[in-house]
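Coordinate-derived values only; no laboratory data. From a predicted model like this one, the values you see are computed outputs, not experimental measurements. Virtual Cβ from ideal backbone geometry, glycine too; neighbours counted across all protein chains shown.
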Amino acid sequence: MATGDALVLTHGAGSNCNAPLLVAVAEAFCAAGIAVLRCDLAFRQARPHGPPFPAMAVQDRAGLARAVRAMRGRVPGKVFLGGHSYGGRQSSMLAAEEPELAAGLLLLSYPLHPPRRPADLRTAHFPKLATPAIFVHGTRDPFGSIDEMRGALAMVAGPYELVVIEGAGHDLDGKGSYARVAQTALAAFRQAGL
């Protein structure tokens, strides 16, 4: 049942590649025949706890680029890139820098702005983001409301879809389970033809 495609998936600022959301997404995509590589960003490899340092963001993106290229050498199909929160932000920034790197993006709880600081938008790269992207976002996410996301996504250069998870916060585990969110993300991924 393997499709020959792969997904490189990474974590948020306070987590690692074993985060329950990433495990659930990996299980759903693997069951659909898509190989998944869950990987730790460079900052997490350097130390097991604590947030990323802004100065390490370039190294985080370089590690993701290496992971995508490594998967390209292992699968015959397309390689996708994605992540939760900070990991998704770094994935989208990398795709804006290297548009041909990934066939598509799966961005879980994109951190549009810090909580309670809606003016500090993290969208400078959106006009250069041409890679097809699926944004999965909860209705109770303090890093950006659904309306804020819709407004910001209008700046994205390429095709995108916003998948709304009712009742979910930034961790995407609101009403239901991570498995439900993973299946919703997979369905959106398939429907978009990625």
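Using θ = phi - 60° and the Karplus relation 6.51 cos²θ - 1.76 cosθ + 1.60, list the HN-Hα couplings for region 150-166 in order, rounded to whole Hz, with x at every Gly or Pro.
So the J values, rounded to whole Hz, are 4, x, 5, 5, 4, 7, 5, 6, x, x, 8, 9, 9, 9, 9, 10, 4.
Quote the relative contact order of the chain in percent (integer), defining contacts as alpha-carbon pairs under 8 Å separated by 6+ residues.
Worked out over the chain, it gives 20 percent.
Which ³J(HN,Hα) values in Hz, rounded to whole numbers, follow from the phi angles of region 10-17 under the Karplus curve 6.51 cos²θ - 1.76 cosθ + 1.60, where θ = phi - 60° and Gly and Pro get x?
9, 9, x, 5, x, 9, 8, 5
Of ALA154, GLY104, VAL58, which is farthest on the positive side of the dipole of the chain, counting Cα position, with +1 on Lys and Arg Cβ, -1 on Asp and Glu Cβ, and the Cα centre as origin?
VAL58
Modelling each spin label as a point 7 Å along the Cα-to-Cβ direction, I'd like the GLN59/ALA31 distance in nm, to one decimal.
For the pair GLN59/ALA31, the computed spacing is 3.7 nm.
At 4 °C and 1.567 mPa s, what whole-number value in µm²/s does Stokes-Einstein give for the translational diffusion of region 27-134, with Rh from the Kirkwood sum over Cα pairs?
89
Can you run phi through the Karplus equation (6.51, -1.76, 1.60; θ = phi - 60°) for region 167-172 and list ³J(HN,Hα) in whole Hz, with x for Gly and Pro?
With the stated coefficients, region 167-172 comes to x, 8, x, 5, 7, 6 Hz.
Neighbouring Cβ atoms within 10 Å as the yardstick, rank MET149, MET155, MET71 fewest first.
In order of increasing Cβ crowding within 10 Å: MET155, MET149, MET71.
222 nm [θ] for the chain, helices only, -39500 (n - 2.57) per DSSP H run of 4+, per residue, to 500?
-10500 deg cm²/dmol
Among ALA124, ALA62, ALA26, which one moves the most in a GNM of the chain with springs linking Cα atoms closer than 10 Å?
It is ALA124.
Computed FRET efficiency, Cβ-Cβ of GLU161 and ARG72, R0 30 Å: what is it to the nearest 0.05?
For R0 = 30 Å, the calculated efficiency reads 0.80.
Taking H as built 1.01 Å from N, whose amide H comes closer than 5 Å to the amide H of VAL36, not counting residues under 5 places away?
Distant-sequence amide H within range of VAL36: LEU7.
Taking DSSP loops as anything outside H, G, I, E and B, show the longest stretch in the chain free of GluC sites (Glu not before Pro) there with at most 11 other beta carbons within 10 Å.
No qualifying site falls inside 1-99, the longest such stretch.
Ranked by Cβ crowding within 10 angstrom, fewest neighbours first, how are SER177, SER85, SER109, SER91 ordered?
SER177, SER85, SER109, SER91
Taking the Cα centre of the chain as origin and charging only Cβ (+1 Lys, Arg; -1 Asp, Glu), how large is the dipole, in debye to the nearest 20?
Magnitude of the dipole: close to 300 debye.
What is the Cα coordinate range of the chain on the first, second and third principal axes, sorted by size from largest, in whole angstrom?
The Cα atoms of the chain stretch 43, 35, 33 Å along the principal axes, largest first.
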